[in-house]
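Here's the structure we're looking at; comments come further down.
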Amino acid sequence: MFHRIRRRAQEPSEMQRQHYEAHVRLVGQVPPEVQQVRTAQQSTPEPASVVDDFLPPELRVPSHDQLDGRVMPWTQPIVLDGDMVACAECGAYRDWIIISSQGQIWVRCSQGHQQPERRLDTAWYNRHAGPADATHATFEDCLRHLGH
């Protein structure tokens, strides 16, 4: 008895045969809607018209890879790993300017002392920096703009 059941199970059922035959009939066919879209695309080879950017050049902001660096003010103390960041020269611990340049973060105190901060990275800077309100030609112009 089990021998007959195994033999029947090895042969494809009637449903499987019908499915296979329908699949063979449909393999090379393309729906008429797809064919209409293909012919419409081939019949209109005219290129799309070139449209000028919607912003005039004086309103365009350079992207971050076109800038030498970005700067933001940070008035409160910076606490990293439970330690408060302090200036190595004067001991100031608030009213910082944070500079992001070439993948490094620098902090500058109100007295003008600058030191690298290796515990901060560009991702931290990007999370905390707001949108840029101005671009400057020199670093000194940027510092003047920020009041330092």
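Can you name the condition, by its number, that Ala129 falls short on among (1) surrounded by 13 or more Cβ atoms within 10 Å (Cβ to Cβ); (2) in contact with a Cys (Cβ under 9 Å, 6 or more places away or on another chain)?
(2)
Say whether the condition of being closer than 29 Å to Asp133 by Cβ, assigned to a helix (DSSP H, G or I) and at pLDDT below 90 is met by at least one residue in the range 18-26.
no
Among the residues of the range 112-148, how many are closer than 15 Å to Ile97 by Cα and in contact with a His (Cβ under 8 Å, 6 or more places away or on another chain)?
Residues in the range 112-148 being closer than 15 Å to Ile97 by Cα and in contact with a His (Cβ under 8 Å, 6 or more places away or on another chain): 3 in total.
What pairs can you find where one residue is in the range 71-91 and under 20 Å from Arg127 (Cα atoms), the other is among the aromatic types (Phe, Trp, Tyr) and in a loop (DSSP other than H, G, I, E, B), and their Cβ atoms are less than 6 Å apart, with a gap of 6+ or different chains?
Pro77/Tyr93; Met84/Tyr93
When the residues of the range 64-100 are filtered to those that are of a type in the set (Gly, Ala, Ser) and under 18 Å from His145 (Cα atoms), which remaining residue is surrounded by the fewest Cβ atoms within 10 Å (Cβ to Cβ)?
The selected residue is Gly69.
Give the number of residues within the range 78-116 that are of a type in the set (Lys, Arg) and within 20 Å of Asp141 (Cα to Cα).
Selection size over the range 78-116: 1.
Being surrounded by 14 or more Cβ atoms within 10 Å (Cβ to Cβ) and touching a Leu at 6+ places or on another chain (Cβ under 6 Å) is the filter here, so list the residues in the range 101-126 that pass it.
The answer is Ile105, and nothing else.
The values are calculated or read from the model by the stated rules, or taken from the named source; none is laboratory data. Predicted, not measured: the structure shown is a model, and the values here were computed from it. Counting neighbours? That spans all protein chains shown, and the Cβs are built from the backbone with ideal geometry, glycine included.
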